[in-house]
Amino acid sequence: MKLINKTRLCSLAVAAIVTVSCVALTGCGGKKDSAAASPAASTSTAASAENAGTCGEGVTWALADGTLTVGGTGRMTNFTSDNQAPWADQADQITAVKVEGTVTSIGAVAFKDCTNLTTVTIEDGVEYIEAGAFNGCSALTDITIPESVGYIKTGAFKDCSALTSVTIRENCRLDLKVFPETVEVNHF
């Protein structure tokens with residue numbers, strides 16, 4: 001009799017373990033997955049993921065109402081034609097860029113071909129503007145670069161055909177052909 005009770009007890013224990021495992025691993029009998037429960041919520045999350053993310057270790061970006069804001073701390077990624085900025089497929093929607101002062105560099109070709117970009121705000125604290133960062137921003141007419149920027153690399157504003165005026169600090173180091181030849185460079 002004791003053997004039969006032990007066998008039943010063991011069987012019940014195994015059944016309980018299997019049931020708990022099923023619930024834990026597959027969600028059997030538990031709450032529905034929030035994405036499955038609300039298709040609108042998953043669509044909203046996907047849309048948000050397309051308009052925000054990271055663009056460097058500790059550096060984030062968000063695009064809302066035409067304004068791309070880059071924040072966080074550290075250096076922005078240097079992008080290439082093979083490794084484009086995460087917002088590259090939305091470049092035509094960007095009309096303004098704001099780079100917060102806790103970001104230390106603006107990455108190479110970061111805003112390349114943002115053809116509707118008209119306003120760029122770079123906060124004091126940014127130290128470098130990498131090669132081709134604003135290449136092809138054909139609607140940009142003027143820009144003030146803060147005192148903290150000490151180095152602007154080659155072609156940072158290449159093919160910015162509407163750019164007429166740039167204000168930078170007197171001793172900012174400029175590589176070759178940073179600005180189109182027709183740009184008036186003003187120093188402070």
(message) Quick check: at a probe of 1.4 Å, how many percent of the accessible area of the range 55-149 sits on carbon and sulfur atoms?
(response) 44 percent
(message) Explain nothing, just the number: relative contact order of the range 47-121, from Cα pairs under 8 Å at least 6 residues apart, as a whole percent.
(response) 30 percent
(message) Take residue 170 and residue 119, extend 7 Å from each Cα along the Cα→Cβ direction, and tell me the distance between the two endpoints in nm.
(response) 3.2 nm
(request) Go ahead and run the numbers for FRET between residue 161 and residue 69, Cβ-Cβ distance against an R0 of 22 Å, rounding to 0.05. (result) 0.30
(request) Could you list which residues have their amide H under 5 Å from that of residue 144, counting only those 5 or more apart in sequence or on another chain, with H placed in the peptide plane? (result) 167
(message) Using 0.36 nm times the number of residues separating residue 142 and residue 81, minus their current alpha carbon distance, what extension gain do you get?
(response) 19.4 nm
(message) Give the aspartates and glutamates whose C-alpha is closer than 14 Å to that of residue 112, dropping any in the same chain fewer than 8 places away, or say none.
(response) 82, 89, 92, 130, 159
(message) Sort 157-166, 79-88, 177-186, 97-106 by the packing proxy (mean of other Cβ within 10 Å over each peptide's residues), most packed first.
(response) 97-106, 157-166, 79-88, 177-186
(message) Quick check: net charge around residue 158, other residues with Cβ under 13 Å of its Cβ, Lys/Arg +1 and Asp/Glu -1?
(response) -2
(message) Below 8 Å between Cα atoms, with a sequence gap of 6+, how large is the relative contact order for the range 78-150 in percent?
(response) 32 percent
(message) Given a 1.4 angstrom probe, what's the average accessible area per residue across the range 49-188, in square angstrom?
(response) 48 Å²
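The values are calculated or read from the model by the stated rules, or taken from the named source; none is laboratory data. Everything numeric in this text was worked out from a predicted model, so none of it was measured. Please note: Cβ atoms are built from the backbone with ideal geometry, for glycine as well, and neighbour counts cover all protein chains shown. Side chains included, ligands, DNA and RNA excluded: accessible areas come from the protein's heavy atoms. Shrake-Rupley method; radii C 1.70, N 1.55, O 1.52, S 1.80 Å.
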